[in-house]
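What follows is a short report on a single structure.
The values are calculated or read from the model by the stated rules, or taken from the named source; none is laboratory data. Quick caveat: nothing in here was measured; it's all calculated off a predicted structure. Note: ideal-geometry Cβ built from the backbone for every residue, glycine included; neighbour counts use all protein chains shown.
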Amino acid sequence: MLDVKAIMALHRECVVRWHDEPIDLNTTGVMNIIRTQFSFNFRLWHEEDIARSPDVADERIAQVKRNIDQLNQQRNDWIEKIDDWITETLDAQGIVIPAQARLNSETPGSVIDRLSILALRIYHLQEQTERDDATPEHIAKVAQRLAICNHQQQDLANSLQELLEDIFAGRKRHQTYRQFKMYNDPNLNPYLYQAQRRRAG
């Protein structure tokens, strides 16, 4: 079964190191899947910062928007990989879950994704409290938000632990929810396939 504390430690360790060093994906097994999934959220966070900057040229914003779309697609693909790993592990361990078992509205992969975003938010809020140019009012406001995020992170971690325990004990069903993002697919995005048709004609 997945170790939630180890996942949170991985998120914390990566978010600190990746701000100073290139993104590295050198772990193995499921932790490599989780680490890779987190890498897309890490890159998304910083592309979103650029997208909201008023002094960035329109050409750069257009490229950033394309980067965001691609990274978001990859982020969702790797959420599915986490959930697929759980399915494969359940099968390998011969865990049979009754058809009448309850199904959670959110998969473990989706919760891990949310935990990774919280790790990023907590890091950047903490960064704000350490700014030399910040006013006491700013620091106090950020510290209040930081406390809430830390509380939310622990609640989410506890919920994930309970969900995993229920799944691996056969008390809850598990399945991967496919996102089927359409905007990056030239065969499903109307603007893309209509533009292609116009170019061909």
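Quick notes on this structure:
- One residue stands out among those in segment 69-98 that are touching a Lys or Arg at 6+ places or on another chain (Cβ under 6 Å) and hydrophobic (A, V, I, L, M, F, W, C): the one that is nearest to Glu165 (Cα to Cα), which is Ile97.
- Residue count for segment 154-194 satisfying the condition of being more than 19 Å from Gln73 (Cβ to Cβ) and either in a loop (DSSP other than H, G, I, E, B) or at pLDDT below 90 (or both): 6.
- Members of segment 10-29 that are of a type in the set (A, V, I, L, M, F, W, C) and assigned to a loop (DSSP other than H, G, I, E, B): Ile23, Leu25
- Residues (buried (at least 19 other Cβ atoms within 10 Å of the Cβ) and either outside any helix (DSSP H, G or I) or touching a residue at least 60 places away in the same chain (Cβ under 8 Å) (or both)) located in segment 30-47: Ile34, Gln37, Phe38, Asn41, Phe42
- Flag for Arg75 being assigned to a helix (DSSP H, G or I), of a type in the set (Lys, Arg) and either closer than 18 Å to Thr107 by Cβ or touching a strand residue (DSSP E or B) at 6+ places or on another chain (Cβ under 6 Å) (or both): yes
- Some residue of segment 7-24 being of a type in the set (Lys, Arg) and surrounded by 16 or more Cβ atoms within 10 Å (Cβ to Cβ): no
- Qualifying residue in segment 66-77 (condition: more than 16 Å from Tyr177 (Cβ to Cβ) and among the basic types (Lys, Arg)): yes
Residues are listed down the side, and each one gets a yes or a no for (1) in contact with a strand residue (DSSP E or B) (Cβ under 9 Å, 6 or more places away or on another chain); (2) at pLDDT below 95; (3) not polar (S, T, N, Q):
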| site | (1), (2), (3) |
| --- | --- |
| Glu13 | no, no, yes |
| Met31 | no, no, yes |
| Phe38 | no, no, yes |
| Ala51 | no, yes, yes |
| Asp83 | no, no, yes |
| Ile86 | no, no, yes |
| Ile97 | yes, yes, yes |
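- In segment 125-153, residue surrounded by the most Cβ atoms within 10 Å (Cβ to Cβ) [restricted to those that are charged (D, E, K, R) and in a loop (DSSP other than H, G, I, E, B)]: Arg131
- Condition broken by Met1, with the remaining ones in (1) assigned to a helix (DSSP H, G or I); (2) in contact with a Phe, Trp or Tyr (Cβ under 9 Å, 6 or more places away or on another chain); (3) at pLDDT below 95 satisfied: (1)
- Hits in segment 86-124 (condition: of a type in the set (Gly, Ala, Ser) and loosely packed, with under 11 Cβ neighbours inside 10 Å): Ala92, Gly94, Ala99, Ser105
- Tally, over segment 15-29, of residues that are acidic (Asp, Glu) and at pLDDT below 95: 1
- Filtering segment 98-124 to residues that are assigned to a helix (DSSP H, G or I) and hydroxyl-bearing (Ser, Thr, Tyr) leaves Ser110, Ser116, Tyr123.
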